[in-house]
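The values are calculated or read from the model by the stated rules, or taken from the named source; none is laboratory data. Remember, it's a predicted structure, so these values are computed and weren't measured experimentally. Ideal geometry is used to build each Cβ from the backbone, glycine not excepted, and the neighbour counts take in all protein chains shown. Only protein heavy atoms, including side chains, enter the accessible area calculation; ligands, DNA and RNA are left aside. Shrake-Rupley method; radii C 1.70, N 1.55, O 1.52, S 1.80 Å.
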Amino acid sequence: MKPLVWHLTILLFFSVLTSPAQVAEGILIYKGEREIQLNGEWEFYWDTLFTEQSDRKAKPAYITLPALWNDEQTKGELLPAFGTATFRITIKPDQAYDDLAIRIFKVYSSYRLILNGEEIGRSGIVACSREEYVAGGYPQTISLELEEDENELILQISNFDHRKGGNSNEIILGDRDFLFSQRDSQMLTDSFAIGSMFIIGCFFLGMFLFWRREPEILFFALFAIFFSVMVGRWGLLLLNQVFPSLTWLQGTRVEYVSIFCCTTAFVLFFDRMFWDKYSKIAIAYAVFSLLQVLLVLFAPAMIFTYTMNVHPLVAFPYSLFILYALIKAVIAKRQESLIVFFGFVSILAGYAINYLVYFHFIPAIPLFPQVVNVFAFLVFSFALAQRFARSYRMVETLQMEAQDQKEVIELKNRTIQESLEEKESLLKEIHHRVKNNLQVISSLLNMQSRESTDEKMQEVIQEGQSRVKAMSLIHQKLYQTENISEIDFQDYIQNLVEQLARVYKRNDLQVTNEISANDIKLDIDTAIPVGLILNELVSNAYKYAFEEADKGKIRIELDRIDDGKLRLDVEDNGKGIPRDINFDKVKSLGLKLVNILTKQLRGSISYRVENGTRFSIIFSDLKMTTQL
């Protein structure tokens, strides 16, 4: 008895949803109804296009709309999905009307509406051949006027892409203001539903990108975003209104991909929400959906549109599995299980209705999918919010525990800071004392130079004094700066060159210096050998490059290149040095020292003699090399 009651209830439900036939044998009587569905028997002409009744050449068959023609038979044979057809009805109004409109929804896959021999609307290009046809089939609301006696309404449809052909949705005739208001209301509710789901998805996506934990947040975000895209391709196809350049094929691919990605994201969201892992069933489902997505992206529409027949056969059993798991979780009183259960039942109801509409078991139910979908997403959002609230309370507890440890750590940090300041002060004092000691050595060398009458000895002592001053200048800079670990080399080179210019000053010689070492800072281990190299090369330039000149130019450039390497260029426009110098066998003490220091810096030296001499030294920053 109970099964009979259930069957009667279902039949009654669908009979309420199903609109009664208004068109009989191609004739509609219109009496000024606010809206009337043009359901019923339309004249049907297969593989024929005409614009007026006088153009038709064959007797009509009758087909009950809404319906797909590949679900119908003519002359005992099932019609193919691909082809062209003309549908025709005669509308007999009780008077003339000038304030009417007609609403046509999604058609597979292009159509043209003709009233009394004049085209009133089209989407795509209707043609008898695939080469001339262009897919479209988008919804429209079109104003029209009816004459007093008879009016001929012709609907031409072509399909050479989709697995479904014809018009599976209702065509509505009625009051212009009412139908446009209906369209605007549907557009408003669809926009609200799409916007709500998209904003929810973006919010949780941003939360995941900030949090970088709990993948279920990411899967829910993707679920919401893909769902909003999917809804944007249903009903009024708002996605195409937002992106008008989207072609029929591109839009259909987007629709199918969003469906498969949406369900996959939900499956993974559910797995992570309740089991904190990925089950084998979920992984298999994800792989299956990925294969479907690849098919949609790379196969023609005549093939990939069949994937929608297979998808429910896989999605429905897994939905039952999720429902079973949720019921067990609710019985076990797992956290958030009851909330997720209501959300899943809502989304399942929405999916079921959408699939029943898609496969033409029932007509579309206004507002139902939007309300159910928004409700479901709000429920899921509430479940995630509860999880976050629990995590936040846990974090608060940990913060209170950490606060106690923080005070202990701060006390230790103050002790360490005081010790570090003492050591920095001590290190500065060491640099200061080293600088003073080097100055003492320089003064002793200066005294020794004055005592000696041998010019060669004086020159040697002067060179040694210059090297000592170059090192002393580095310790002076480190003592004077707040950062005692690095020295600003632009400032150092400037001071070193000025110091050498005073030492080798000639009244009959004017030397211009160009220095470029912006933002180069070196630690003491690298700075001392580089400073000594500069001292030797600049000293040599002052002493020998301009012996026969009254003016000259010295250019110094220090720059970083790559992989922790630096390049030092010292160039003068003097008379030049011999072109055949071997740095490993050179007799000059200065160039020997340059060669030794370059090897100490793990570098290489080269030179070029052209309008003067240019030394190029590529070396390693020892501090960075040690860190690497």
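Return the residues of the range 501-519 that are among the hydrophobic types (A, V, I, L, M, F, W, C), in contact with a Phe, Trp or Tyr (Cβ under 6 Å, 6 or more places away or on another chain) and either open to solvent by 30 Å² or more (accessible area, probe 1.4 Å) or closer than 22 Å to LEU593 by Cβ (or both); say none if nothing qualifies.
Taking the range 501-519 first, the residues among the hydrophobic types (A, V, I, L, M, F, W, C) are 501, 503, 509, 511, 515, 517.
Applying the additional criterion that residues be in contact with a Phe, Trp or Tyr (Cβ under 6 Å, 6 or more places away or on another chain) yields 509, 517.
The one that is among the hydrophobic types (A, V, I, L, M, F, W, C), in contact with a Phe, Trp or Tyr (Cβ under 6 Å, 6 or more places away or on another chain) and either open to solvent by 30 Å² or more (accessible area, probe 1.4 Å) or closer than 22 Å to LEU593 by Cβ (or both): ALA517.
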Yes/no for SER606 being more than 24 Å from ASP491 (Cβ to Cβ), among the polar types (S, T, N, Q) and in a strand (DSSP E or B):
yes
In this structure, does ASP99 turn out to be touching a His at 6+ places or on another chain (Cβ under 9 Å) and among the charged types (D, E, K, R)?
no
Are any residues in the range 258-286 of a type in the set (Val, Ile, Thr) and surrounded by fewer than 20 Cβ atoms within 10 Å (Cβ to Cβ), and if so, which ones?
ILE281, ILE283
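State whether one or more residues within the range 152-167 are out of contact with any Cys (no Cβ under 9 Å at 6 or more places or on another chain) and open to solvent by 40 Å² or more (accessible area, probe 1.4 Å). Break it down stepwise before answering.
Taking the range 152-167 as the starting set, the residues that turn out to be out of contact with any Cys (no Cβ under 9 Å at 6 or more places or on another chain) are 152-157, 159-167.
Within this subset, residues satisfying the condition of being open to solvent by 40 Å² or more (accessible area, probe 1.4 Å) are none.
No, every residue in the range 152-167 fails to be out of contact with any Cys (no Cβ under 9 Å at 6 or more places or on another chain) and open to solvent by 40 Å² or more (accessible area, probe 1.4 Å).
Would the range 140-150 turn up any residue that is over 20 Å from GLY26 (Cβ atoms), part of a loop (DSSP other than H, G, I, E, B) and in contact with a helix residue (DSSP H, G or I) (Cβ under 9 Å, 6 or more places away or on another chain)? Steps first, answer last, please.
Taking the range 140-150 and keeping what is over 20 Å from GLY26 (Cβ atoms), we get 140-143, 145.
Add one more test, that the residue is part of a loop (DSSP other than H, G, I, E, B), and what stays is none.
No, the conditions are met nowhere in the range 140-150.
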Selection from the range 575-602 of residues touching a strand residue (DSSP E or B) at 6+ places or on another chain (Cβ under 8 Å), touching a residue at least 24 places away in the same chain (Cβ under 8 Å) and over 30 Å from ASP550 (Cα atoms) yields THR598, LEU601
Residues that are surrounded by fewer than 18 Cβ atoms within 10 Å (Cβ to Cβ) and at negative phi, drawn from the range 208-223
LEU209, PHE210, TRP211, ARG213, PRO215
Quick check on this structure: which one of VAL231, VAL267, VAL254, VAL287 is in contact with a Lys or Arg (Cβ under 7 Å, 6 or more places away or on another chain) and among the aliphatic types (A, V, I, L, M)?
VAL254
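Just the residues that are in contact with a helix residue (DSSP H, G or I) (Cβ under 9 Å, 6 or more places away or on another chain) and of a type in the set (A, V, I, L, M, F, W, C), please, taken from the range 384-409.
Of the residues in the range 384-409, the ones in contact with a helix residue (DSSP H, G or I) (Cβ under 9 Å, 6 or more places away or on another chain) are 384, 386-388.
The answer is LEU384, PHE388.
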Yes or no: the range 172-180 includes at least one residue that is surrounded by fewer than 18 Cβ atoms within 10 Å (Cβ to Cβ) and without any contact (Cβ under 8 Å) to a residue 60 or more places away in the chain.
no
Which one of the conditions (1) touching a Ser or Thr at 6+ places or on another chain (Cβ under 9 Å); (2) under 17 Å from ALA383 (Cα atoms); (3) at pLDDT below 90 does ILE194 fail to meet, given that it meets all the rest?
(2)
Kindly check whether there is at least one residue in the range 2-15 that is surrounded by 10 or more Cβ atoms within 10 Å (Cβ to Cβ), over 52 Å from the mean Cα position of the chain (by Cα), of a type in the set (D, E, K, R) and modelled with pLDDT under 90.
no
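When you look at GLY251, is it of a type in the set (Gly, Ala, Ser) and modelled with pLDDT of 90 or more, yes or no?
So GLY251 passes the test.
Tally up the residues in the range 326-337 that are under 34 Å from the mean Cα position of the chain (by Cα) and under 15 Å from ARG387 (Cα atoms), please. Spell out the reasoning first.
Step one: of the range 326-337, the residues under 34 Å from the mean Cα position of the chain (by Cα) are 326, 335-337.
With under 15 Å from ARG387 (Cα atoms) added as a condition, the list becomes 335-337.
Final tally of qualifying residues: 3.
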Could you identify the single residue in PHE270, PHE260, PHE220 that is farther than 30 Å from VAL126 by Cα, at pLDDT below 90 and out of contact with any Gly (no Cβ under 9 Å at 6 or more places or on another chain)?
PHE270
Some residue of the range 127-137 being over 19 Å from GLY26 (Cβ atoms), polar (S, T, N, Q) and out of contact with any strand residue (DSSP E or B) (no Cβ under 7 Å at 6 or more places or on another chain):
yes
So the check is Cβ under 9 Å with 6+ separation or different chains; which pairs have a first residue in the range 298-315 that's within 13 Å of GLN250 (Cα to Cα) and open to solvent by 70 Å² or more (accessible area, probe 1.4 Å) and a second one that's in a helix (DSSP H, G or I) and at pLDDT 85 or above?
PHE298/PHE304
Filter the range 522-544 for residues that are surrounded by fewer than 23 Cβ atoms within 10 Å (Cβ to Cβ) and out of contact with any helix residue (DSSP H, G or I) (no Cβ under 7 Å at 6 or more places or on another chain); which is nearest to GLU486 (Cα to Cα)?
LYS543
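Quick grid of which residues meet (1) surrounded by 21 or more Cβ atoms within 10 Å (Cβ to Cβ); (2) more than 22 Å from PHE178 (Cβ to Cβ):
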| residue | (1), (2) |
| --- | --- |
| ASP47 | no, yes |
| PRO80 | no, yes |
| ALA85 | yes, yes |
| TYR97 | no, no |
| ALA101 | yes, no |
| GLY117 | no, yes |
| ILE120 | no, no |
| VAL134 | no, yes |
| ILE142 | no, no |
Has the range 81-98 got any residue that is farther than 15 Å from TYR45 by Cα, aromatic (Phe, Trp, Tyr), in contact with a Gly (Cβ under 9 Å, 6 or more places away or on another chain) and in contact (Cβ under 8 Å) with a residue 12 or more places away in the chain?
yes
Within the range 246-257, track down each residue that is under 20 Å from MET187 (Cβ atoms) and open to solvent by 30 Å² or more (accessible area, probe 1.4 Å).
LEU246, VAL254
So is VAL371 open to solvent by 70 Å² or more (accessible area, probe 1.4 Å), modelled with pLDDT under 80, in a helix (DSSP H, G or I) and among the aliphatic types (A, V, I, L, M) or not?
yes
